[in-house]
Amino acid sequence: MSVKLYPSISYEERLNEKQLNIIKNGEGPCLVLAGAGSGKTRVLVYRVCYLIEKGIPPSNILLLTFTNKAAKEMLNRIEKILNFFPKSLIGGTFHHVGNLFLRIYGKEVNLNPDFTIIDEEDSALILKEIIEKINKKDKFPHPSKIKEFISLSINKCENLRETIISFFPEYSNLISDVEKIQKEYQKIKRSLNQLDYDDLLLYWLKIMRNQSTGDKISSQFRYILVDEYHDTNRLQAKILYLVAKKHKNIMVVGDDAQSIYSFRGATISNIIEFPKIYPEAKIFYLDINYRSTPEILNFANNVISHNKVQFPKNLISVRKNGIKPVIVKCRNMKEESIFVSQRINKLLEIGIEPQEIGVLFRSRYQAAELEIELSKLKIPYIVRGGLRFFEQAHIKDVVAYYRVLQNFKDILSWKRIFNLCEGIGQKGQQKIIDLILKEGELEGFKEKIDELKIIKRGKDSLKENINLIEKLKNISIVDGIDLILNSGYAKYLSRKYKDDIERLQDIKSLKEIVSLYSNISDFLSEASLQEYSKGESPNVKNAVILSTIHQAKGLEWRIVFIIGVCDNHFPHPYSKNDISAIEEERRIFYVGITRAKEDLYITYYSYDHYRYAPIKKSIFIEEISPDLYEEWDLTY
């Protein structure tokens, strides 16, 4: 029995011509190339409704998404359109669906279906115990980093050695040890009947490779619909191929121009090679954009046209003409931050709401100086997906050394330093704090260290840090930060954090920020005012959003600033001499541009104070046709 949609609204009234064509002609393998803001989710939702209305049992339809949020939104929209919820429809993330199949068919691959799923924290705990057993704790990075090696190799369908050499070359000396750890990790999970998130996909693939079970699942799903196909990895692509093997009614929706997650294992090759895997595939283009003005889209089209590996397309705007994007040349990072903060302030004065403004950047550190300037103007802002720059633990740790140089009795900063010292517990800390308060200055304190009743290991570690602080007094702040890193803090980061490389980059960038100040006192004052400012609480809803472009994917703002578009910053330095990496960096830039609805500002600066050298604009700016933007030069 067919199900009628709301009688007052037809597909023709709800969809544009290109969307409607996909809905009605989506038989067989279909690649839907959906440009930014073109309504791809709408197509998937209505395709599911169309199939059900035509009499396809919901149990024969599989809808795969990348986030639980996206899955929930799609299923809710399907329910509203149909006026009932198709309970037998299987929809959700790859991991969610994998879990469902393993509960049913796990025994076919010698898996107990009553397994429990462990999260990233649990995985790290198991790995930590394994590392401690082989007595190489000091040699190894944080257990979560080891998990990252293992996870990436699984999702890329390559061996661990290849993954570490390609993505983590600085850890190549640990390959044989990590291989042993991986084997023990798999053995322990197996003995405890536990699976991690990667196992949900790995065992799903094993089920599909089991002929009888694989045929059963493939036969069940007459129609498979996949969202964000450009974000899939090799493992997911292999699973999809086997699920679609029987009926070959697979519709994948994505945008090769927005494939920006290779560091997670995603590969643009999946979407590029789809027509080769399915030579009979239909290719549909969704290029009508409902988000941005023609000027912004012309700019974006020109940027992405320089990529060689892509399906060429031009987004077409349905909006009225607006104003050209503006590229702004500033003198240095500080003046760039002053321009952006003052421009935002003027926009707020003319009635633009803070939440309508987004400031995007390639790397987290690029917004640190801007945070200081926004705080000065009391502009509310939120850093999306993380702490503000100066609130991060690793930045606080480094700055703590300079705080005690300025104020020897800064006990909070001393406590951060104690946490970096081996052999100093809570009781030992209190004894040291009592002596600090009693002596009141470094020289007197240093003379009394030997009288402290703490263990020798703690005392030696304290002396090392006191010597470090004394050296910091006589060298530049930039050299001092290097000294802190080389005196053991870089190794500490590797052991403590999964994202140690990113944190090291933050600290290196701190040197660039500090170099803009004439003395440490001015810098510490600015950092403190920014860190403890009450004007822009993270809980404020109506605030300017600061975000990396990766975290901004899928979002939009009326006005967007993309900052720090300079050589050696964007594209990221690691991409140099690698054409595929450069093309991904260009896609990242493209994603940032297409977040803007009406106004777009792109800023760069021409002098690097930290390196005392001129700096060029990004090659991505140099490539753009000059007639597509205005240029403001603030360096005169």
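Odds and ends about this structure:
- Remark on the chain: hydrodynamic radius 27.5 angstrom, per the Kirkwood mean of 1/r across alpha carbon pairs.
- Of the Cα atoms belonging to the range 162-256, the radius of gyration and Dmax stand at 17.0, 48 Å.
- Efficiency of FRET from Cβ geometry, Lys471 and Ile272, R₀ 60 Å, rounded to 0.05: 0.65
- Percentage relative contact order, the range 160-269, counting C-alpha pairs under 8 Å, at least six apart: 23 percent
- Simple rule: put +1 on each Lys or Arg Cβ and -1 on each Asp or Glu Cβ in the range 101-225, find the dipole, and look at Ser153, Tyr185, Asn112; the Cα lying farthest toward the positive end is Asn112.
- Of Lys145/Lys496; Lys156/Lys553; Lys248/Lys313, those spanning more than 18 Å from alpha-carbon to alpha-carbon: Lys156/Lys553; Lys248/Lys313
- Partners of Lys431 within straight-line reach, counting aspartates and glutamates whose Cα lies under 14 Å from its Cα and excluding those fewer than 8 residues away in the same chain: Glu439, Asp450, Glu451.
- Checking the Cα-Cα distances for Lys139/Lys187; Lys189/Lys491; Lys24/Lys72; Lys541/Lys576 against a 32 Å cut-off, the pairs over it are Lys541/Lys576.
- Based on alpha carbons, the Rg and Dmax found for the range 330-488 are 20.3, 64 Å.
- Pairwise label distance in nanometres, Phe167 with Leu634, each label 7 Å out on the Cα-Cβ vector: 3.8 nm
- Ranked by the mean number of other Cβ atoms within 10 Å of their residues, highest first, the peptides 362-368, 159-165 come out as 362-368, 159-165.
- Using a probe of 1.4 angstrom and keeping all protein chains present, the accessible surface of the chain works out to 45 square angstrom per residue.
- Accessible surface of the chain [probe 1.4 Å, protein heavy atoms]: carbon and sulfur percent: 50 percent
- For the chain, the relative contact order works out to 18 percent when only alpha carbon pairs closer than 8 Å and six or more residues apart are counted.
- As a rough guide to protection, the peptides 561-568, 588-595 ranked by mean Cβ packing within 10 Å, highest first, stand as 588-595, 561-568.
- At an R0 of 45 angstrom, the distance between the Cβ atoms of Lys409 and Lys346 translates into a FRET efficiency of 0.60.
- Using a cut-off of 29 Å between Cα atoms, the listed pairs Lys69/Lys597; Lys133/Lys206; Lys409/Lys453; Lys276/Lys597 include Lys133/Lys206; Lys276/Lys597 as exceeding that distance.
- DSSP beta bridge pairing in the chain, given as percent antiparallel to the nearest 5: 10 percent
- The range 440-475-the range 115-193 distance, computed between alpha-carbon centres (Å): 38 Å
- Cα centre as origin, Lys/Arg/Asp/Glu Cβ charges: the chain dipole, Debye: 1820 debye
- The range 42-136: relative contact order in percent, alpha carbon pairs under 8 Å with at least 6 residues between: 24 percent
- Alpha-carbon centroids, the range 571-588 and the range 334-380: separation in whole Å: 27 Å
- Calculated [222 nm] ellipticity per residue, helices only, for the chain: -14500 deg cm²/dmol; basis is -39500 (n - 2.57) per DSSP H run with n ≥ 4, divided by all residues, nearest 500.
- The calculated FRET efficiency for the pair Arg190 and Asp499, based on their C-beta separation and a Förster distance of 22 Å, comes to about 0.15.
The values are calculated or read from the model by the stated rules, or taken from the named source; none is laboratory data. Because the structure is a prediction, the values reported are computed rather than measured. No Cβ is skipped: glycine too gets one built from the backbone with ideal geometry, and neighbour counts run over all protein chains shown. In case anyone asks, the SASA skips ligands and DNA or RNA and just uses the protein heavy atoms, side chains included. Shrake-Rupley method; radii C 1.70, N 1.55, O 1.52, S 1.80 Å.
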